[in-house]
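What follows is a single structure, and I will ask about it in a moment.
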Amino acid sequence: MGSGDVAKNSVESAIGGMCTEARQLLDSFGLAVQELLLLHDMQFTAILEGDPEASRFDLLIHLANEKKHNAKYAYMTHLEKHGCSFRNENYTSRSRKNDR
């Protein structure tokens with residue numbers, strides 16, 4: 001099982017009160033995050049290997065970051081307008097502790 005599978009399984013177990021569209025938007029956000037992380041990993045590896053053209057990833061990372069940002073706000077906007085969200089007591093409690 002890859003790290004993407006673990007992330008997907010933990011998201012699936014956390015979502016309870018979401019509509020289908022919210023789940024799809026959350027999945028899109030998750031995929032965008034994974035794509036961005038993969039590009040960062042590839043650039044880091046290139047730098048470690050002394051690749052003089054490691055900066056070729058900069059534009060791709062920028063575009064992937066925009067995609068992630070758009071997916072995140074599409075999801076958040078949907079939750080705000082539609083009123084659906086996941087209900088996970090551990091997440092909610094942890095978030096509230098971090099806000100203090």
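From the backbone phi of the stretch 51-63, what are the Karplus-calculated ³J(HN,Hα) couplings (6.51 cos²θ - 1.76 cosθ + 1.60, θ = phi - 60°) in whole Hz, Gly and Pro given as x?
5, x, 10, 5, 5, 4, 7, 4, 5, 4, 5, 4, 5
Extent of the stretch 19-87 along each principal axis, from alpha carbon coordinates, in Å, largest to smallest?
Projected onto its principal axes, the Cα set of the stretch 19-87 covers 49, 18, 14 Å.
Bear in mind that the values in this text are calculations on the coordinates, not laboratory data. A quick note: this is a predicted structure, and the numbers were derived from the prediction, not measured.
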